[in-house]
Amino acid sequence: MQTRRFCLYAIKHLGKSKIAVVYLRDGFGQSGLDGAEAAVKENGQTLAAVIPVERTETNRKAESRLVIQGPSASDRLKDLIGGLLGKLKKG
């Protein structure tokens with residue numbers, strides 16, 4: 001539900017037309033992905049990229065997959081993904 005709201009805000013209030021989702025491949029992550037998919041579908045869009053990440057993944061494979069899927073991926077987003085993967089490794 002939270003991911004759906006976040007995506008709807010990005011679409012309706014920030015004017016975003018390309019939404020990419022990086023999600024943890026478990027029940028919680030799937031729930032977030034479902035919410036994001038519902039939000040973009042409600043607005044006649046599709047997700048620009050869907051990147052699953054394993055809890056044990058620490059080598060920035062997700063970042064590589066995102067860059068391959070779209071040259072518009074920002075450096076800030078790539079840094080965020082790297083930071084999240086680093087926290088998962090420590091956790």
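For Tyr9, only one of the following conditions fails: (1) outside any loop (DSSP other than H, G, I, E, B); (2) in contact with a helix residue (DSSP H, G or I) (Cβ under 8 Å, 6 or more places away or on another chain); (3) open to solvent by 80 Å² or more (accessible area, probe 1.4 Å). What is its number?
Status for Tyr9: all satisfied but (2).
Any idea which residue in segment 43-77 is modelled with the lowest pLDDT, counting only those that are of a type in the set (Asp, Glu) and open to solvent by less than 60 Å² (accessible area, probe 1.4 Å)? Outline the logic, then answer.
Applying the first criterion (of a type in the set (Asp, Glu)) to segment 43-77 yields 54, 57, 63, 75.
Keeping just the survivors that are open to solvent by less than 60 Å² (accessible area, probe 1.4 Å) gives 57, 63.
On the way: Glu57: 69, Glu63: 57.
By that ranking, first place goes to Glu63.
Residues of segment 12-42 being exposed (fewer than 14 other Cβ atoms within 10 Å of the Cβ) and among the small types (Gly, Ala, Ser), which ones?
Of everything in segment 12-42, those that are exposed (fewer than 14 other Cβ atoms within 10 Å of the Cβ) and among the small types (Gly, Ala, Ser) turn out to be Gly15, Ser17, Gly27.
Consider only pairs whose beta carbons are under 7 Å apart and that are at least six residues apart or on different chains; among these, list those whose first residue lies in segment 6-28 and is over 14 Å from Lys41 (Cβ atoms) and whose second residue is assigned to a helix (DSSP H, G or I) and of a type outside the set (A, V, I, L, M, F, W, C).
Close Cβ pairs (under 7 Å, with a partner that is assigned to a helix (DSSP H, G or I) and of a type outside the set (A, V, I, L, M, F, W, C)) amount to Tyr23/Gly29; Tyr23/Gly32.
Give me a count of the residues in segment 11-35 that are of a type in the set (A, V, I, L, M) and over 13 Å from the mean Cα position of the chain (by Cα).
The initial filter retains those residues of segment 11-35 that are of a type in the set (A, V, I, L, M), namely 11, 14, 19-22, 24, 33.
Pick out the ones that are also over 13 Å from the mean Cα position of the chain (by Cα) and you get 11, 14.
Total meeting the criteria: 2.
The values are calculated or read from the model by the stated rules, or taken from the named source; none is laboratory data. Since we're looking at a predicted model, the values are computed, not measured. Methodologically, a virtual Cβ is constructed for each residue, glycine included, from the backbone with ideal geometry; neighbour enumeration extends over all protein chains shown. Quick note on the areas: whole protein, heavy atoms, side chains included, nothing else; ligands and nucleic acids left out. Shrake-Rupley method; radii C 1.70, N 1.55, O 1.52, S 1.80 Å.
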